[in-house]
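J.: Please read through the structure below; I'll follow up with questions.
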Amino acid sequence: MKTFKELGIPANLMQGLQELGIIHPTEIQDKAIPFLLENGGDLIAQAQTGTGKTAAFGLPLLMKVNPKSNDIQGLIVAPTRELAKQIGKQLFRYTKFSEKIFVEVLCGGDNFDKQVAALQRPTHIVVATPGRLLDLFQKKALTLIHVKHLILDEADEMLSMGFKKELVKIFGLTRARKSTWLFSATIPDAIHGLIKDCMSEKPQLLKIDKAHVVNRDIDHQFKICSRDEKTEFIASFLKRQQANRGVIFCRTKAGAIILGKQLATQGFAVDVLQGDLTQKERDTVMRSFKKERTQFLIATDVAARGIDVEGLSFVIHHQLPEQIEYFTHRSGRTARAGKKGVSLALIEPRERPKITKLETDFDLSFSEVH
């Protein structure tokens, strides 16, 4: 593995990385950064969450922006408000010791007029969710004609959330761009269509091997139990946790709500994050969890995208996710920043082969809890 210096990252940005505890480049950073700095053309990178992709596209973008010009030169589009805010926060932290590059995060659920006012100031990079970006564009609050670099993060997620029309429109509004960088955990047919229609003929392809994706500090466990036994098992597990905090993932909104009620009646400090909450309710739940007023969070997969909370000791999978990629998304919420964590899957007897599949696909080893 090369160092960030060998990849071409200047000292002032490296200082920002070191303060965040980012010392060695991950595989995607090692492969993407030199290409984006030297060639800078179109890139398709297949990489899961947790592989370090924000720095892989964020550092080259920060280096390509001209701080002397007040135009929006970089545009990053993300599927959810949480992810957009997370990216904005990371870019801000990277530039702590370098010349100020102004980043504006534009998402639904935030005050529209405040965003319009913020865009009056010099803005070099915009991080946005597709709907809000186009709303602001229609109101003439911003122009995208000077955008040189367009980045789509979690492109597969945006398509599965129904944003294809918006993405095609964003491609059209940034026709003067020099490059498009597309990051996605999976490359379904819909993405191939987008690539064919909206990107150069031969984009650079990068694929990060699944085996490199999984954090080795996570202890993977599974427990075989019937559906009816799960709540009781979770309750006894939580009782043993003392001050430890964690997230319990459910496959459906209804399942998450029911489990939340069952655990709350047993006296656990628990909150539920699911897709039907308003943005305000969602923010309240997340604030309470981050400030440690709530010890345990129950969440559905889509609602949990972009959850970034320090110091979580465990993740429980009430059921395994429908899409296998979500398993690494979920497990990656624990064992962050060099700490250890547990990922515990509750499975019914007939699901035993799914554990074997996870072991094979992601090069993991699970231990059974008795």
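Quick note: the coordinates plus some simple rules give every number you see, no bench work behind them. All values reported here derive from a predicted model rather than from experimental measurement. Here the Cβ is made from the backbone with ideal geometry for all residues, glycine too, and neighbour counts use every protein chain on show.
J.: What's the center-to-center distance, using Cα atoms, between segment 288-328 and segment 55-79 in Å?
T.: If you average the Cα positions of each part, the centres end up 30 Å apart.
J.: Here is a further query. Report relative contact order for the chain in percent, whole number only (criteria: Cα-Cα under 8 Å, sequence separation at least 6).
T.: RCO, the chain: 18 percent.
J.: What is the helix-to-structure angle for 352-362, meaning the angle in degrees between its Cα long axis and the longest Cα principal axis of the chain, kept from 0 to 90 and rounded to the nearest 10?
T.: Once rounded, the angle reads 30 degrees.
J.: Rounded, prolate or oblate for segment 265-331? Axes are the square roots of the Cα gyration tensor eigenvalues, ordered a ≥ b ≥ c, and the cut-off for rounded is a/c under 1.5.
T.: Since a/c reaches 1.5 and a/b is larger than b/c, the shape of segment 265-331 is classed as prolate.
J.: Any idea which of Ile208, Leu142, Ile191 is furthest toward the positive side of the dipole for the chain, if Lys and Arg beta-carbons carry +1 and Asp and Glu beta-carbons -1?
T.: After comparing all options, I get Leu142.
J.: Here's something else I'd like to know. Report, to the nearest 10°, how far helix 81-94 tilts away from the longest principal axis of the Cα atoms in the chain, using its own Cα long axis and a range of 0 to 90°.
T.: Computed tilt is about 60 degrees.
J.: How large is the charge dipole for the chain, taken about the Cα centre, if only the Cβ atoms of Lys, Arg (+1) and Asp, Glu (-1) carry charge, to the nearest 20 debye?
T.: It comes to approximately 820 debye.
J.: Please go through segment 41-142 and write out the GluC sites (Glu not before Pro) that DSSP classes as loop and that have at most 11 other C-beta atoms within 10 Å.
T.: Qualifying residues, ordered by number: Glu99.
J.: What are the lysines whose alpha-carbon lies under 17 Å from the alpha-carbon of Lys357, with same-chain residues fewer than 8 places away excluded?
T.: Cα-Cα hits under 17 Å: Lys210, Lys223.
J.: Also, quick follow-up: All other residues with a Cβ under 10 Å from the Cβ of Phe249 taken together, and with Lys, Arg as +1 and Asp, Glu as -1, what is their net charge?
T.: Every neighbour counted, the sum reads +2.
J.: With Cβ to Cβ distances under 14 Å as the rule, what net charge do the other residues near Ser200 carry (K, R +1; D, E -1)?
T.: Taking every Cβ under 14 Å from that of Ser200, the sum is +2.
J.: Also, I was wondering about something else. Please determine, in degrees from 0 to 90 and to the nearest 10, the orientation of helix 253-265 with respect to the longest principal axis defined by the Cα atoms of the chain, where the helix direction is its Cα long axis.
T.: So the inclination is approximately 50 degrees.
J.: Report the GluC sites (Glu not before Pro) located in segment 249-310 that are in a DSSP loop and have at most 14 other Cβ atoms inside 10 Å of their Cβ, or state none.
T.: Sparse-neighbourhood loop GluC sites (Glu not before Pro): Glu292, Glu310.
J.: Arg240: net charge of surrounding residues, Cβ under 14 Å, Lys/Arg +1, Asp/Glu -1, itself excluded?
T.: +2
J.: Mind ordering 140-150, 230-240, 27-37 by average Cβ neighbours within 10 Å, highest first?
T.: 27-37, 140-150, 230-240
J.: Sorted by packing (mean other beta-carbon atoms within 10 Å per residue), highest first, where do 64-76, 186-198 land?
T.: By packing density, highest mean first, the sequence is 64-76, 186-198.
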